[in-house]
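**Q** Supplied in structure tokens, the structure appears directly below.
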Amino acid sequence: MNRRTVLAGVLALTTGLALAGCSTRSDEPELKVVGAYLPQPVSDMAAGFLVVQNSGGAADRLTSVTSPLSDDVTIHETKNQQMREVTSFEVPAGGELDLERGGNHIMFMDLKKQPKQGEKVSVELHFEKAGPITVDLPVKETTHNPKKQ
């Protein structure tokens, strides 16, 4: 076998492996969190907001949230101006889950401390397929709403 044939074979094998790796990865959720914040609470409850972006080829589900701020952290949906706890939210493939004021959100009950504007609250998001993601939610003024700015 000559040197060119061996080189061409190695190149073809390497390219094939690289492409196989790409297609395998697209069958997995690829999650990233942006726009996270927590308005400064005025009681022993607080709400958190963020966007989970999924650039992968498979959907996932947010199944729970944990935080040192509270032992009672739940996820809520808002429909027809009614809020109710849910067990999960879908994060569609190639899409996003938007937790926003007036809509779906993270709820913190019986706060262990009152976070102040300028501080950060750590949360861990748990998903059905992807590993957990730790996010720091900056504490903003009580009336903060990025959609109205």
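The values are calculated or read from the model by the stated rules, or taken from the named source; none is laboratory data. No experiment lies behind these values; they were computed from the predicted model shown. Positions of Cβ are backbone-derived with ideal geometry, glycine not excepted, and every protein chain shown enters the neighbour counts. Keep in mind that these areas ignore ligands, DNA and RNA; they rest on the heavy atoms of the full protein, side chains included. Shrake-Rupley method; radii C 1.70, N 1.55, O 1.52, S 1.80 Å.
**Q** Toward the positive end of the charge dipole of segment 44-149, about the Cα centre and with charges on Cβ (Lys, Arg +1; Asp, Glu -1), which of Pro68, Val86, Leu50 goes farthest?
**A** Leu50
**Q** Determine ³J(HN,Hα), in whole Hz, for all residues of segment 80-90 in sequence, where each value follows from phi through the Karplus function 6.51 cos²θ - 1.76 cosθ + 1.60 and θ = phi - 60°; x replaces Gly and Pro.
**A** 6, 6, 10, 9, 8, 5, 10, 8, 6, 10, 6
**Q** Sticking with this one: Give me the percent of the accessible area of segment 40-123 that comes from carbon and sulfur atoms, probe 1.4 Å, all protein chains in place.
**A** 46
**Q** So which lysines pass the test for Lys116, namely a Cα distance under 28 Å, with those fewer than 8 places away in the same chain ruled out?
**A** Within reach: Lys32, Lys140, Lys147, Lys148.
**Q** Which shape class, rounded, prolate or oblate, goes with segment 76-139 when its Cα gyration tensor gives a ≥ b ≥ c as root eigenvalues, a/c under 1.5 marks rounded, and past that a/b bigger than b/c marks prolate?
**A** Judged from the Cα gyration tensor, segment 76-139 comes out oblate (a/c at least 1.5, b/c at or above a/b).
**Q** Once you have a ≥ b ≥ c as the square roots of the Cα gyration tensor eigenvalues for segment 38-126, tell me rounded if a/c is under 1.5, and otherwise prolate or oblate according to whether a/b is larger than b/c.
**A** Note, shape of segment 38-126 comes out prolate.
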